[in-house]
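Nothing in this text is a laboratory measurement; each read-out follows from the coordinates by a stated rule. All values derive from a computational prediction rather than experimental measurement. Note: ideal-geometry Cβ built from the backbone for every residue, glycine included; neighbour counts use all protein chains shown.
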Amino acid sequence: MDDTLVMDDGAEIVIRVRGLTTRFGPQVVHQDLDLDVRRGEVLGVVGGSGSGKSVLLRAIVGLIAPAAGRIALFGEDMAALSPAARRALQARWGVLFQDGALFSSLTVAENVQVPLKEQTRLSPTLIDEITALKIALVGLPPEAALKYPSELSGGMRKRAGLARALALDPEILFLDEPTAGLDPIGAAAFDRLIGDLVRALGLTVFLVTHDLDSLEAICDRIAVLAEKHVLVTGAMDDMLSFDHPWVRAYFHGPRARAARLA
Amino acid sequence: MSAGTGTIESATDGDRARVRLGGRWDIRGAGGLDRALAAVAPPSNASVVLDLAALETLDTAVAWVLHRHLKRLRRAGHAAEIADARPGPARLLDLVAANDRPIDCHSPRQSSLIAVVAHVGRASFETCGAARRLLGFLGLTTLTMAGTLIRPWRIRWTATISHMERAGLDALPIVGLMSFLIGVVLAYQGADQLRRFGAEIFVVNLIGISILREIGILITAIIIAGRSGSAFTAAIGSMVVREEVDAMRTLALDPMEVLVLPRVVALVLTLPLLAFVSDVMGLLGGGLLAWIALDIAPDQFIQRLGDAVSMWSFWIGIIKAPVFAFLIAMIGCYEGFEVRGSAESVGRHTTKAVVEAIFLVIVVDAAFSILFARLHI
């Protein structure tokens, strides 16, 4: 089996993508894409609009069937698993969609309880207490628990979505542009929250973002998506010295300089 | 040892209780751990030590269970503490303790009687408010229509004709089929009763008058309320949710003119035509059954029909069509604009649009009956 889970330097690989090709009709989004995510790291995925960042995220979590290639999570090939095994594996990761994707007919507390009620057999009291804990963990005020998603601000919806994604204590957290649409203060606070949670809970994070501040603040490694595959992965310093027009324009632009100074 | 479960053992030695946790615990074992810890009931004034030296990993759910039982034991007057936790679990326990805040997950429940009274009150209040807003919308629609009568070039014909196609032309098969079947059923049931008096031939009067005056137009209006009224609400409601309506206003486009008027005009123009098709198909269904089951030949049927119904019977049905069309389209659009915020709201208002439209169609139909009775037609 070539899905070896341990790298030479001892790091464990939790997500391994090999030769991934995805397409919508005639339009090819990814061609022969390879990517590894190590346990405990925060990987930032960047790329221009339409470069397929979100599509990659959706392919990894199984929302889109790839046209070719293999995706292994925790060493298990997703396509080869039985539905029951896949469900068990799915409890080991959480996804935060762009606008939270909360169920609009349920309150915040009920949203967080959905995975707890569906996937565990805990007593109602315990479920309520764990829900309260998660809501406090993501920094929502107590009164937000009884509100409906339409009554919340964008930042609070994202926090609520994060609480739901964290409900089952996942090992991997997928974040799709978590700071998009937030004001700079809210975005910085959200970055800090994710950083704190990652450290406290030992999470692995797959972060799709546009936000240079987020990359600077919380990412251990960065993967650049361009020309239908992963152009380069590495730390911020590697990005700065990498010679490619898009990477140069992105990491040396005026906004990038401002983010580094901050 | 099941999934997510480590080891737990407890021992009591005089006034010192010791609970040892080991292995890997996660949320799947949290329920069992909670019950096991609940069973730990040391003698009063005993001190309790939660020994975590052998605990390798845990998650926040398990950390919470430990935390809540520490709290419980302390409340009961025991000196309870954690001993020898490794750095990872210790950090998680601190995190959980720092985020222990009382948060209500359920809205406070009122007593059932008060809840019923409050519900009735709120519903009545909302109904009155909705009726007032609907009346306001009726006025607004009328004004907009009057405005375009003065400036007819402002009607958006492309949109209007597209709605006529979708609400009218595309509805022809279902309206035709339903009316045909109703005609068959009506003739069959009528013939069954009339045969007892040897008056089968009067089935033609029954079919002619009931279909032309009432059933043709009612069936059509009900189908269109379900088919197009709901579509109007869903379309406009989704546009409200995605702020498209607000965008229109900022572009100096009047949603009444762009969204409402084409739909109202389209339906007012097509519903009479649909009602006519419905009349024809209903008579055809009744005639066919009369021919097959009662041996009333087509030429006989037509002759009898000419004697039984006046031209007025036909016109009474058709006159009502534009009124019903106006009601259905207006309520469909009105409910669309009432949508707020979420996808669920779109669904709720779509249902309301259909129910209200059908209700009002029948109420207005009753009013028409009284009016026509007074006019002796």
Taking R0 as 30 Å, what's the FRET efficiency between A:Ile185 and B:Arg35 from their Cβ-Cβ distance, rounded to 0.05?
0.10
Please work out, to two decimal places, the log10 of the ratio I(q)/I(0) at q = 0.08, 0.09 Å⁻¹ from a Debye calculation in which every Cα of chain A carries one identical scatterer.
-0.32, -0.41
Using a Förster distance of 56 Å, the FRET efficiency for B:Ala97-A:Ala79 (Cβ separation, nearest 0.05):
0.85
Max mean-square fluctuation residue, GNM over chain B, Cα-Cα springs under 10 Å, options B:Thr57, B:Thr160, B:Thr250
B:Thr57
In nm, to one decimal, how far is the B:Leu138 label point from the A:Ser105 one, both placed 7 Å along Cα→Cβ?
3.2 nm
Theoretical gain in end-to-end length, B:Ala131 to B:Val280 [0.36 nm per residue, Cα-Cα removed]:
50.0 nm
If you average the alpha carbon positions of the range B:29-79 and of the range B:291-318, how far apart do those two centres end up, in angstrom?
86 Å
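What size of dipole, in debye to the nearest 20, comes out for the protein assembly as shown about its Cα centre when the only charges are +1 on Lys and Arg C-beta atoms and -1 on Asp and Glu C-beta atoms?
Values: 62 positive and 66 negative charges, 274 e Å.
Here the size comes out at about 1320 debye.
Using +1 on the beta carbon of Lys and Arg, -1 on that of Asp and Glu, and nothing else charged, what's the dipole of chain B about the Cα centre, debye to 20? Intermediate results must be reported in sequence, preceding the final value.
Values: 35 positive and 33 negative charges, 157 e Å.
The calculation lands at about 760 debye.
Provide the FRET efficiency to the nearest 0.05 for the A:His244-A:Val28 pair, computing r from the beta carbons and using R0 = 22 Å. List each step's numbers first, then the result.
Numbers: r = 20 Å, r/R0 = 0.91.
Efficiency at R0 = 22 Å is approximately 0.65.
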Of the cross-linked pairs A:Lys117/A:Lys147; A:Lys134/A:Lys158; A:Lys117/B:Lys71, which ones have a Cα-Cα span greater than 22 Å in the structure shown?
A:Lys117/B:Lys71
Leaving out same-chain residues fewer than 8 places away, which lysines sit with a Cα under 27 Å from that of B:Lys320?
B:Lys352
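Rounded to whole Å and ordered largest first, report the semi-axes of the equivalent ellipsoid of the range B:1-112 derived from its Cα gyration tensor (root of 5λ).
Values: eigenvalues 114, 73, 39 Å².
Whole-Å semi-axes of the equivalent ellipsoid: 24, 19, 14.
Kindly point out which whole DSSP H helices in chain A project their C-alpha atoms 15 angstrom or further along the helix axis while averaging a Kyte-Doolittle hydropathy of -0.5 or above. Numbers along the way, then the final one.
Working: long enough: A:108-119 (18 Å, -0.40); A:124-137 (19 Å, 1.04); A:154-165 (16 Å, -0.63); A:184-201 (25 Å, 0.90).
Answer set is A:108-119, A:124-137, A:184-201.
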Would you mind pulling out the separation of the Cα centroids of the range B:158-195 and the range A:127-169, in Å?
51 Å
Model label zone, B:Val185; criterion: amide N under 18 Å from point 7 Å along Cα-to-beta-carbon; scope the range B:275-314:
B:278-290
Normalised by the number of residues in chain B, what is the relative contact order in percent for Cα pairs under 8 Å and 6+ residues apart?
16 percent
Within straight-line cross-link reach of A:Lys228, aspartates and glutamates at Cα separation under 18 Å, skipping those fewer than 8 residues along the same chain:
A:Asp32, A:Asp34, A:Asp36, A:Asp243
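Provide the net charge surrounding B:Ile209, with neighbours chosen by a C-beta distance below 14 Å and charges set as Lys +1, Arg +1, Asp -1, Glu -1.
Numbers: positive: B:Arg213, B:Arg304; negative: B:Glu214, B:Asp279, B:Asp307.
Result for the neighbourhood of B:Ile209: -1.
Hey, what D do you get for the protein assembly as shown in µm²/s if you plug the Kirkwood alpha-carbon radius into Stokes-Einstein at 25 °C and 0.890 mPa s?
On the way: Rh = 30.4 Å.
Diffusion coefficient, whole number: 81 µm²/s.
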List residues of the range B:253-292, by number, whose backbone nitrogen lies under 17 Å from a label position 7 Å along Cα→C-beta of B:Ile302.
B:280-292
Computed label-point distance, nm, for sites B:Ser124 and B:Lys71 using a 7 Å Cα→Cβ extension
4.3 nm
For the range B:157-231, report the convex hull volume of the alpha-carbon atoms normalised per residue, in Å³, without decimals.
82 Å³
Jot down the radius of gyration and Dmax of the range A:123-240, Cα atoms only, both in angstrom.
15.8, 52
At 0.36 nm per residue, minus the direct Cα-Cα distance, what do B:Leu253 and B:Ala115 gain on full extension? Give it in nm, one decimal, please.
45.3 nm
Within the range A:185-221, find all residues whose amide N lies under 18 Å from a label point positioned 7 Å from the Cα of A:Glu12 along Cα-to-beta-carbon.
A:198-206
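Return the calculated 222 nm mean residue ellipticity for chain A, to the nearest 500 deg cm²/dmol, obtained by summing -39500 (n - 2.57) across DSSP H runs with n ≥ 4 and dividing by the residue count.
Numbers: 10 runs with 100 residues, N = 262.
Using -39500 (n - 2.57) per qualifying helix, the result is -11000 deg cm²/dmol.
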Can you give me the three principal axis dimensions of chain B from its C-alpha atoms, in Å, biggest first?
108, 61, 38
Relative to the longest principal Cα axis of chain B, at what angle does helix B:172-194 sit, 0 to 90 degrees, rounded to 10?
70 degrees
Given the Cα-Cα distance of B:Ala367 and B:Thr57 and 0.36 nm per residue of separation, how much length would full extension add, in nm?
104.1 nm
